[in-house]
1. Do the alpha carbons of any pairs in B:78/B:125; B:147/B:308; B:77/B:126; A:89/B:50; B:77/B:125; B:286/B:328 sit beyond 21 Å of each other, and which pairs?
2. Show me you know the interface measure: the accessible area buried between A and B, both chains summed, probe 1.4 Å, in Å² to the nearest 100.
3. I need the phi-derived Karplus couplings for the stretch A:109-126: 6.51 cos²θ - 1.76 cosθ + 1.60, θ = phi - 60°, integer Hz, Gly and Pro marked x.
4. Say the dipole of the stretch A:346-448 comes from +1 at the beta carbon of Lys and Arg and -1 at that of Asp and Glu; which of A:349, A:398, A:417 then lies farthest toward its positive end?
5. Which residue, A:342, A:418, A:20, tops the fluctuation ranking in a GNM of chain A built on C-alpha contacts under 10 Å?
6. Can you give the calculated 222 nm mean residue ellipticity of chain A, where each DSSP H run of n ≥ 4 adds -39,500 (n - 2.57) and the sum is split over every residue, rounded to the nearest 500 deg cm²/dmol?
7. Toward the positive end of the charge dipole of the protein assembly as shown, about the Cα centre and with charges on Cβ (Lys, Arg +1; Asp, Glu -1), which of A:362, B:59, A:29 goes farthest?
8. Accessible area of residue A:10, 1.4 Å probe, to the nearest 10 Å²?
Amino acid sequence: MKKFLYDNGSVVVLVLLCLYYAIATVDTIYPVGPAAGRQLARQLVAAYGDSTEVMVVVGESASEREFAEAVRSELESSGAAVHVLLADKPATVRQGLVEFASGRQKMDAIATHHAGMQWGPLQADRLQALASEVPALRDVKVHEPRSYRWPTFFTQANLINVINQNSAIFIIAIGMTMVIICAGIDLSVGSLVALAAVVVAIVAEKVSAGQPVSTPAMLLCCAAGVLMCALWGMGSGIVSTYFRVPAFIVTLAIMSMARGLAFTLAGSPEGISIDSAFLTELGTGRTMGIPNPILVMIVLYSASHIFMTRTRFGRYIYAVGGNPEAARLSGVPVKGILVMVYAAGGALTGLAGVIETARFESGDPKLGEGFELQVIAAVVVGGTSLFGGEGRIVGTLVGALIIAVIDNGLNMAGVDSYAQMIVFGLLILAAALLEQLKKYAWKRMSAK
Amino acid sequence: MRKLSLLLMGLVAVLCCRPETTTNTATSTTTSSAATSNPAPDITPATESKGTIGFSALTLTNPFFKIIAENLTKEAKKHGYDVIVNDADRDVNKQAKHIDNYIAQKVTAIVINPADRVTIGPAVKKANDAGIPVFTNDLQCVAEGVKISGHIGTDNYQGGKLAGEAMIEALGENGGKVLILHFKQANSCVLRVDGFMEVIDAYNEGRESGKIEIVATLDGGGLRDEGYAATADALQAHELDAVFAINDPSALGAWTALNEAQKADKVVIIGFDGQLEGKQAIKEGKIYADPIQFPAQMGQVTAQNIIKYLDGEEFAEVELIPTELYRKADAENDPELQ
């Protein structure tokens, strides 16, 4: 048990954070969806009996349609008469009510969701005023599904959000973990995301000539973006290993060059839209209910974990980071490994750029601003040593989750945005400190 | 490997958990229409919060957006709505995250100052799909296929024209050499400079002498330090008579550079915005005049439009507030500066 705690200090931090947010974000939830619809229908049957006449009034979105459909099927199965009104905005509700109710004798109830309870045409006084015109609306009552208390942080939609909206950070963090295990650093990742996005968009613009881009063509565009970032990564690797310029400076220079190049290529600071079904599916589509960026991320994490723990190259990376001289003497191609690691980091960054391009359906030269700091924070909080030789992909996954959860939870808890910066910094510091303390304690424990 | 698979399993478990299924077990005391206990319930009592509005501001380090946020919050509160304010920090990625969060929180309405008028499109579309109305203020969204329920901003083109008129007024019949401190990234600033140029071009037409000549257009970043650096550079190359800066911070940066070069009393500055520090500078004679905007009104009207939208009332879907020229005489009578 103790050993588990020491090995997984960051997991404990993550769990504690989640528990904290679970308490801090408890709020009233007003459900919209099939379950809420069925519940409301049962409520109406209990109140008005089986042969009631009900009108469902909601908006046009998918979840609202599902809600309305659930109310309808549940009520109709118990013999009630149901009419569904889908309004594109509250202003059209009144007309819909009049059209439906004018030919009728009596209507018992209007079913809507919590948002609908605020709509002007459904307010009691307005309905009464309308009743002089349409008698059926006299005494009609408006009902919404029952609400409940639940942490807004712990909803399926939000937990998916936390990972999905940070998937680019998660993916770049894999490459950064390898780079940092080699005792290196890569500050250029944020700019490379932007450069990849712009390159993908420009190539797509060239091949499409105003038409939607076909899937094979789009794949080639994406490959171009990834390849180019891999080359930039390889460049930083070569300059920092063969010319012995510190990686910090090399990648700082590339950070500036890549950002400038992205703006220059784009020709304006605005995003270049891409019309591609494949890209839209990659960025916003879901497979088995899971957003595609998360699936890509899961595949990459599994593959890189196996690569780092089960392959010779993976072990070489640790050896190079731990003690390059010893590694060289044991026959490890130190320089080659270093260049390869930077290139891999670049390629992963390019892939993250493609994901971001897909998410926004455009190549925007402003993307990825400040990513480098978030990624490095995630890697270090995940237990990877900046001195090299130490670190795990799983640790990085947890570290990135911690960063993502802190960020999201602060928003969900409604913390003021200035205070957020302070709290964010403090929490990262605390997580990193805990990681250090854990190591210290572990050493003392094993020394005894 | 086992740990990884555990984690991944946890991840999948998280993705599969459906809090909606708890609807029936979690009983509630706050529901406004507890129809099970009362077959003919009353409509929601007014004391309870009617809902939440999410506002993702472009940047809260610029007082302009802070004023919008404060007034939006105050006005919404009057009508029973809470407002969450988030700082997008000019980052479309952050703004998209905010919108995702608002959707997860099921807010009543979303307000944004788009961090990029095209790239923010897919995020707005998601809100559209979730049935949440999206409003913009100050900056407009031009992405294709998205529905914006209402916009209110400044008539920047008209403001630019006013700035041009102020420039002509300040330089008199002699004309002169002008530096423009631009911020091309913001479409609002492009409109300002376009309006400015229309008036200046009309003035110059058919004129032999006393023309107003634009000798340089530099990026002032809309910021004090960048405006300072750009003006200092321009002073090396040109004998300037006037500066038009697209907002107050860059105008004040220009003043610092002119002051250092001991040219502050010879060179006229026209700013834009009418922020408090800008108005103060006009009072002190550092800036000649500003076309002023009305951020407080933007915040209030946005909140009112949301209420009107929910009420099913009519309102202007796009409303541009004209700017007004603010000179030294106005500053001296301004109660805000007393």
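The values are calculated or read from the model by the stated rules, or taken from the named source; none is laboratory data. All figures in this text were calculated on a predicted structure; none of them were measured in a lab. Counting neighbours? That spans all protein chains shown, and the Cβs are built from the backbone with ideal geometry, glycine included. With ligands, DNA and RNA removed, areas are computed over all heavy atoms of the protein, side chains included. Shrake-Rupley method; radii C 1.70, N 1.55, O 1.52, S 1.80 Å.
1. Details: B:78/B:125 29 Å; B:147/B:308 17 Å; B:77/B:126 26 Å; A:89/B:50 18 Å; B:77/B:125 27 Å; B:286/B:328 10 Å.
Correct reply: B:78/B:125; B:77/B:126; B:77/B:125.
2. Working: alone 21540 and 17830 Å², together 32570 Å².
In total, this chain pair buries about 6800 Å².
3. Along the stretch A:109-126, the couplings run 8, 10, 9, 8, 9, 5, 4, x, 4, 8, 5, x, x, 9, 6, 4, 5, 5 Hz.
4. A:398
5. Answer for the Gaussian network model of chain A: A:418.
6. Mean residue ellipticity at 222 nm (helix-derived): -22000 deg cm²/dmol.
7. After comparing all options, I get A:29.
8. Accessible area, nearest 10 Å²: 10 Å².
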